[in-house]
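Have a look at this one.
The values are calculated or read from the model by the stated rules, or taken from the named source; none is laboratory data. Note that the structure is predicted; figures quoted are calculated from it, not measured. Positions of Cβ are backbone-derived with ideal geometry, glycine not excepted, and every protein chain shown enters the neighbour counts. Just so you know, the surface numbers come from the protein's heavy atoms only, side chains and all, with ligands and any DNA or RNA stripped out. Shrake-Rupley method; radii C 1.70, N 1.55, O 1.52, S 1.80 Å.
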Amino acid sequence: MNTRELTYVKAFNEGMHQIMAEDPDVFLIGEDVAGYGGVFHMFDGLLTTFGDKRVKDTPIAEQAIIGLGVGAAARGLRPVCDLMFMDFIGVAMDQIFNQAAKMKYMFGGAVSVPLTITTAGGAGMSAAAQHSQSLEAWLAHIPGLKVAMPASPYDAKGLIVGAIRDDNPVIVVLNKKMLGVKGPVPEELYSIPLGVANIVCEGDDVTIVAIGRMVIEATKAAQALGEQGISAEVIDPRTVQPLDIDTIVTSAKKTNRVLIVHEAVQFGGIGAEISSQVQESAFDYLDAPVTRLAAPFAPVPYAPILENAYVPDAARIVAAARQLVERS
Amino acid sequence: MTETLAPNVTYGPPEGYAAGVTRELVLDLHRRMVRIRMFEESAGKLVESGDMPGFLHLYVGQEAVAAGVMSVLDDVDQITSTHRGHGHAIAKGAEFRPMFAELYGKTTGYCKGRGGSMHIVDMNRGMLGANAIVGGGIPIAIGAAFAAQYRGDGSVAASFFGDGATNIGAFHESVNMAAVWDLPVLFICENNGYAEFTAQGNHMRLDDIAERANSYGIPGVVVDGMDALAVRAVAKVAVDRAKRGEGPTLIEAKTYRYFDHQGIKGMRIPYRDPAEVEAWKERDAIRLLEVIGTERGLATPEDFAAILAQTETDIADAIEFARSSPDPDPADILDDVYTV
Ligand SMILES: Cc1ncc(C[n+]2csc(CCOP(=O)(O)OP(=O)(O)O)c2C)c(N)n1
Ligand SMILES: [Mg+2]
């Protein structure tokens, strides 16, 4: 495997190029995805390489973008439908949760919907309340959907390929603050199966389950904790649906303490689900309550000072992890 | 023609539309319509008597629309349907046995008992599903049309929806995108004058919904939805146009549902004048076709009676099949949530 450093967005882009070269049934539609290459340049070069039959700019019509993907997927193609900002998902929601997610089941298995939806979520850029949300719990709640949240360049490439190859509707949520993050990425085409967590670093004293960009903060925190004599294990579930709960529970049984970090609001977030499942499966192993560190129950604010207070960071992860360890 | 604000809109079928009608065609359309009507009438009774679960949006009265359009489509052509979807499925060739079995919630149903009345699907016949969300099928139809265009397989798609559905955003987004991309799709609005219990005049300012085509730069056609031959004629023009790569057409078929919004007697809310119902029944689609057929010497009352008799037999057989079919096993409740 020939590996080199790529940014998150370049890695994703390379995955798109390679999977489209491999599979002629894959096509891409969305607003400004063709001529402009997507507002985050996720799709740069695809139009030139694959032509305007396979890479198409759409009207501003999220419902029709997704619905077209649903119909084309039901007919055996592998559409990639881009939703630009995750916040725009609301206007397309019927096609996602009532149509794409349920077709297979309510039709008694008669049809598969191999649809991929790409979008960008996450706060930290003063993009304010309608351009910064992390809505993964909404989607993970719907039987029939899968939700991938790549947290490294390696995963950005592997998960987009894995999502497109998957025979189910998958939403791939890129984190827009990670676009320039660099990391090692193999040159060749590879795919990461959906539902397999990544143990980012191993440790014995506390398990930190982090979602999306929080994986980076958690990794920084683990380093700091290490310097303070606390050994933290960081787990990135990679996909919140399906959720690789086994890897998390195994870690919980080893470290006896679990901290969950995400930038979505805490109430009703994925952390609540993970916490509940951990205590159901590992109650007797726990030395402290499973704890969540997440956004307060408010829309994402604009002013940098407010937004910094809103999104968890390494320092707060360190503090929360220390509390767990010091408790027992 | 008088000057109009909707230059893209035409009225009625092309001239001479009924000229080349054959005996075969009359019997084909008649069979499709009778099968729909008799299926609906027996399904309605079975639900009202409590024998069958769920609720039904019956298609009786609108048969000419499904029959006319489906008579110019093949199995490879895809349709999406609505909450009022039995007629579309039957006209597209769906079989009574798995349909009744689905309504009874049995494993032998089209959806293995997972979907019921509002989710009948038949992928082998290009029936991409009824849909319980108003407007939900319209974007999916343009996806099927996109797949046809992408593959260049020469097939078309058709989306059926009501007058009420043209007020929902999915309609606007889908028709516009299909127009921009010249997708091979027919948008078939079955204007039965009501969205549930709200009359058209209370939910839009237009009389002719086909005028909406003008906003998208595509042809719109108003057609008598009680005349299967007229519907067929305009659908044929639209299919040919789609196959030539010229894009979508919006067809508005003026029609009427005889029963209530849901069920035969529904909620017994008086919202339409009984005289209005009777006036539409005067122009009943099945009778109209029988008159045309006999007047032209293409078919006899005996021919039509034979279709009724055969349909009756098929229905009795299908109901028996459904009743005696196995129930789904609750142990399988997680099957088919995902493709594995
Ligand atoms: C999105 C959505 N809103 C509301 C409903 C409830 N509903 C079911 S049928 C219907 C009326 C639809 O009217 P129309 O499109 O004219 O179809 P028709 O029933 O006349 O065939 C409504 C409001 C629904 N199923 N989906
Ligand atoms: Mg109506």
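Nearest 20 debye, what's the magnitude of the dipole of chain A about its Cα centre given +1 on Lys and Arg Cβ and -1 on Asp and Glu Cβ? Don't jump to the answer; show the numbers that get you there.
Working: 25 positive and 37 negative charges, 46 e Å.
With only Lys, Arg, Asp and Glu charged at Cβ, the dipole is about 220 debye.
Moving on. For the stretch B:181-309, rounded, prolate or oblate, judged on the Cα gyration tensor with a ≥ b ≥ c (square roots of eigenvalues), a/c < 1.5 rounded, else prolate if a/b > b/c?
Oblate.
Also, I was wondering about something else. Relative to the Cα centre, what is the charge dipole magnitude of the stretch B:3-332, using +1 at the beta carbon of each Lys and Arg, -1 at the beta carbon of each Asp and Glu, and rounding to the nearest 20 debye?
Rounded to the nearest 20 debye, it is 360 debye.
Over the whole of B:328-336, what's the average partner chain Cβ count within 10 Å per residue? Rounded to a whole number, please.
2
Only Cα pairs within less than 10 Å get springs; with that Gaussian network setup on chain A, which residue of A:TYR310, A:TYR105, A:TYR302 has the largest fluctuation?
In this elastic network of chain A, the residue with the biggest mean-square fluctuation among A:TYR310, A:TYR105, A:TYR302 is A:TYR105.
Something else about it: Apply the a/c threshold of 1.5 to the C-alpha gyration tensor of the stretch A:1-47 and tell me whether it is rounded, prolate or oblate. Walk me through the numbers before you get to the answer.
Numbers: a/c = 3.09, a/b = 1.28, b/c = 2.42.
The shape class here is oblate.
Separate question: How much mean residue ellipticity at 222 nm does the protein assembly as shown get from its helices, if each DSSP H run of length 4 or more adds -39500 (n - 2.57) and you divide by all residues, to the nearest 500 deg cm²/dmol? Could you put the intermediate results ahead of the total?
On the way: 22 runs with 252 residues, N = 668.
Per the formula, -11500 deg cm²/dmol.
Let me know the mean shielding of A:95-102 by other chains, meaning the per-residue number of their Cβ atoms within 10 Å of its Cβ.
4
Between B and A, buried accessible area summed over both sides at probe 1.4 Å, in Å² to the nearest 100?
Interface area, both chains combined: 3500 Å², rounded to the nearest 100.
Restricting to bridges with both residues inside the protein assembly as shown, how much of the DSSP beta-bridge set is antiparallel, in percent to the nearest 5?
20 percent
Same structure again: Charges only on Cβ, +1 for Lys and Arg, -1 for Asp and Glu: so what's the dipole of the stretch A:1-144 about the Cα centre, in debye to the nearest 20?
Here the stretch A:1-144 has a charge dipole of around 380 debye.
When you look at the Cβ of every residue in A:167-176, what mean number of other chain Cβ atoms sits within 10 Å?
Per residue, the average neighbour count from other chains is 1.
What number comes out for accessible area per residue over the stretch B:88-132 if the probe is 1.4 Å? Units Å², please.
Value returned for the stretch B:88-132: 25 Å² of accessible area per residue.
Of A:SER112, B:VAL221, A:THR3, which is farthest towards the positive pole of the protein assembly as shown's charge dipole, taken about the Cα centre with +1 and -1 on the beta-carbons of Lys, Arg and Asp, Glu respectively?
Going by the Cα projections, it comes out as A:THR3.
If packing is taken as the average number of other Cβ atoms within 10 Å across a peptide's residues, how do B:324-333, B:93-102, A:134-143, B:57-66 rank, most packed first? Each step should come with its number before you reach the end.
Details: B:324-333: 11.3, B:93-102: 22.3, A:134-143: 20.6, B:57-66: 28.1.
Order by mean packing, descending: B:57-66, B:93-102, A:134-143, B:324-333.
Now a separate question. Just check chain B against the gyration tensor rule for me: Cα atoms, a ≥ b ≥ c as the square roots of the eigenvalues, rounded for a/c under 1.5, and otherwise prolate or oblate depending on whether a/b exceeds b/c. List each step's numbers first, then the result.
Details: a/c = 1.42, a/b = 1.20, b/c = 1.19.
Note, shape of chain B comes out rounded.
Ok, one more. If packing is taken as the average number of other Cβ atoms within 10 Å across a peptide's residues, how do A:49-59, B:128-138, B:204-214 rank, most packed first?
Per-residue mean Cβ counts within 10 Å order the peptides as B:128-138, B:204-214, A:49-59.
What residue among B:ALA170, A:PRO184, A:ALA197 has its Cα farthest toward the positive end of the dipole of the protein assembly as shown, where the charges are +1 on Lys, Arg and -1 on Asp, Glu, each on the Cβ?
The residue sitting most towards the positive pole is A:PRO184.
Give the lysines whose C-alpha is closer than 29 Å to that of A:LYS254, dropping any in the same chain fewer than 8 places away, or say none.
A:LYS146, A:LYS220
Let me ask you something else. What fraction of the DSSP beta bridges in the stretch A:3-186 is antiparallel, stated in percent and rounded to the nearest 5?
20 percent
Considering chain B as a Gaussian network with a 10 Å cut-off on Cα pairs, which listed residue, B:THR166, B:THR80, B:THR22, attains the greatest mean-square fluctuation?
Judging by the Gaussian network model, the answer is B:THR22.
Taking only the alpha-carbon atoms of the protein assembly as shown, what semi-axes of the equivalent ellipsoid follow from 5 times the gyration tensor eigenvalues under a square root, in whole Å, largest first?
53, 27, 21
Rounded to the nearest whole Å², what accessible area per residue is found for chain A with the 1.4 Å probe? Spell out each step's value before the answer.
Numbers: 11750 Å² over 328 residues.
Averaged over the residues of chain A, the accessible area is 36 Å².
When you count, for each residue, the other Cβ atoms within 10 Å and take the mean per peptide, how do A:164-174, A:258-268 rank with the highest first?
A:164-174, A:258-268
Which positions within the stretch A:104-133 get 40 Å² or more of their accessible surface covered by the other protein chains, compared to the chain by itself, with a 1.4 angstrom probe?
The answer is A:LYS104, A:TYR105, A:MET106, A:PHE107, A:GLY108 - residues whose exposure falls by at least 40 Å² when every protein chain is included.
Using 10 Å bins from zero, what percent of all Cα-Cα pairs in chain A falls into each bin?
Taking all Cα pairs of chain A, the binned fractions are 6, 27, 34, 23, 9, 1, 0 percent.
Listed here are the pairs A:LYS56/B:LYS112; B:LYS92/B:LYS254; A:LYS56/A:LYS176; which of them are more than 30 Å apart at the Cα? Working shown, then result.
Details: A:LYS56/B:LYS112 37 Å; B:LYS92/B:LYS254 20 Å; A:LYS56/A:LYS176 22 Å.
In this structure, A:LYS56/B:LYS112 exceed 30 Å between Cα atoms.
Moving on. Using alpha-carbon pairs under 8 Å, 6+ residues apart, how would you state the relative contact order of chain A in percent?
Values: 768 pairs, mean separation 55.3, N = 328.
About 17 percent, as a whole number.
I'd like the antiparallel share, as a percent to the nearest 5, of DSSP beta bridges with both residues in chain B.
Details: 3 of 27 bridges.
Rounded to the nearest five, the antiparallel share is 10 percent.
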